Amino acid sequence: MTKLLNDENLIVCDFPLVEHNLSVIRNKNTSSEIFRNAARRLAYLLLYKAYSNLPMKEFDIETPICKTKSKMIDPEADIIIAPILRAGLAFADVASEILPAATIRHIGMYRDEKTLQPVWYYNKTPVELKNPKNTYVYVLDPMLATGNSSVETINLFLKKGMKEENLTFVNLLASPQGIERIRHHFKKIRIVTAHIDEAINEKGYIIPGLGDAGDRLFNTFN
Ligand code: URA
């Protein structure tokens with residue numbers, strides 16, 4: 001854990017509104033409706049931090065009073081929001097609502113229950129990035145557990161030539177194993193999380209966690 005705490009690209013958003021909403025979604029008695037609402041509030045809070053690396057440019061503008069200089073997000077930058085289906089959809093609406101210029105690139109992957117390895121079924125990423133050195137990617141997946149699907153997704157984007165430090169992995173709960181797995185391969189990826197939990201169990205679930213994020217979001221328990 002000490003190693004993790006020295007990681008400047010690991011951003012833990014442990015402020016009161018985050019902790020409060022996290023307790024709501026951890027509670028097994030929380031309904032899917034309340035879970036979705038709380039996840040949406042958490043998305044705003046986490047994305048505010050995640051987007052803090054967006055490239056800015058200064059422009060000349062004129063207010064009703066006078067001319068001035070003012071900053072806006074670099075219009076030349078390509079910004080990609082990549083939700084991993086299906087739990088990543090919990091954050092996707094909010095991510096694009098507050099950053100409408102971004103492209104949304106869905107990633108379809110499920111976890112094989114025996115091997116815990118990711119299995120691809122959908123990939124809407126472009127074959128090539130138009131502007132790899134000025135591309136910013138925000139991968140959305142509420143649960144960073146084994147790190148297998150995260151490493152797979154990160155690799156997919158880095159192979160297209162973008163800069164490692166411009167990729168941000170946004171999640172609600174991270175396991176120490178998941179973080180270490182990412183760090184073993186990628187030193188500069190930004191990880192934004194609400195909390196680092198204790199561990200993962202033999203089935204790959206985060207402890208204490210919140211259970212299966214997809215089932216809890218979409219009310220699919222049977
Ligand atoms: N995915 C989930 O939905 N929950 C976990 O605890 C781990 C992975």
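Remark: the Asp112-Lys159 segment gains 14.5 nm on full extension, using 0.36 nm per residue and subtracting the alpha carbon distance. With respect to the chain, whose longest principal axis is taken over its alpha-carbon atoms, helix 89-98 is tilted by about 10°. Taken along the Cα-to-beta-carbon direction at a fixed 7 Å, the label points for Ser52 and Asn27 span 2.9 nm.
Extension gain for Tyr121-Thr63 works out to 15.9 nm (0.36 nm per residue, less the C-alpha to C-alpha distance).
Note on the stretch 139-222: Rg/Rh from C-alpha atoms, Kirkwood Rh, equals 0.99.
In straight-distance terms, cross-link reach from Lys160 covers every one of the lysines whose alpha-carbon lies under 30 Å from its own, apart from those fewer than eight places away in the same chain; here that gives Lys3, Lys49, Lys57, Lys71, Lys124, Lys130, Lys133, Lys187, Lys188.
Each of Pro16, Phe91, His185 was placed along the dipole of the chain (beta-carbon charges, centred on the mean Cα), and the one lying farthest toward the positive end is His185.
Choose one answer from Ile65, Ile11, Ile191: the residue with the largest mean-square fluctuation in a GNM of the chain with alpha-carbon springs under 10 Å. Largest GNM mean-square fluctuation: Ile65. Electrostatic tally near Gly147: other residues with Cβ closer than 14 Å to its Cβ, Lys and Arg +1, Asp and Glu -1, net -1. The angle between the Cα long axis of helix 16-26 and the main principal axis of the chain comes to about 40°, on a 0 to 90 degree scale. Taking the C-alpha atoms only, the angle from helix 176-185 to the longest principal axis of the chain is near 50 degrees. State the Cα centre-to-centre distance between the stretch 43-77 and the stretch 111-154 in whole Å. For the stretch 43-77 versus the stretch 111-154, the Cα centre distance is 28 Å. When the scattering of the stretch 1-62 is computed by the Debye formula from its Cα atoms alone, each counted once and equally, what is log10 I(q)/I(0) at q = 0.14, 0.17, 0.18, 0.22 Å⁻¹? Taking Cα atoms of the stretch 1-62 as identical point scatterers yields -0.59, -0.74, -0.79, -0.94. Can you give the net charge of the other residues whose Cβ lies under 12 Å from the Cβ of Phe59, counting K and R as +1 and D and E as -1? Around Phe59, the charge tally is 0. For the stretch 14-98, the Cα gyration tensor yields ellipsoid semi-axes of 34, 16, 11 Å (square root of five times each eigenvalue, largest first, whole Å). Charges on Cβ only, +1 for Lys and Arg, -1 for Asp and Glu, centred on the Cα centroid of the chain; of Asn219, Asn166, Tyr44, which one is farthest towards the dipole's positive end? With unit charges placed on the Cβ atoms, the residue in question is Asn166.
Using the rule -39500 (n - 2.57) for each DSSP H run of four or more residues, divided by the residues of the chain, the 222 nm mean residue ellipticity is -9500 deg cm²/dmol.
Applying a DSSP loop filter and a limit of 14 other Cβ atoms within 10 Å to the trypsin sites (Lys or Arg not before Pro) in the stretch 16-101 leaves Lys28.
Build a GNM of the chain with springs between Cα atoms under 10 Å apart, and of Met143, Met72, Met162 the one that fluctuates most is Met72. Can you give the log10 of the normalised intensity I(q)/I(0) at q = 0.09, 0.17 Å⁻¹, computed with Debye over equal Cα scatterers of the stretch 1-153? With one equal scatterer per Cα and no solvent, log10 I(q)/I(0) is -0.38, -1.18.
Bear in mind that the values in this text are calculations on the coordinates, not laboratory data. Treat the numbers as computed from the prediction; the structure is a model and nothing was measured. For neighbour counting, all protein chains shown are included, and Cβ atoms are generated from backbone atoms with ideal geometry for every residue, glycine included.
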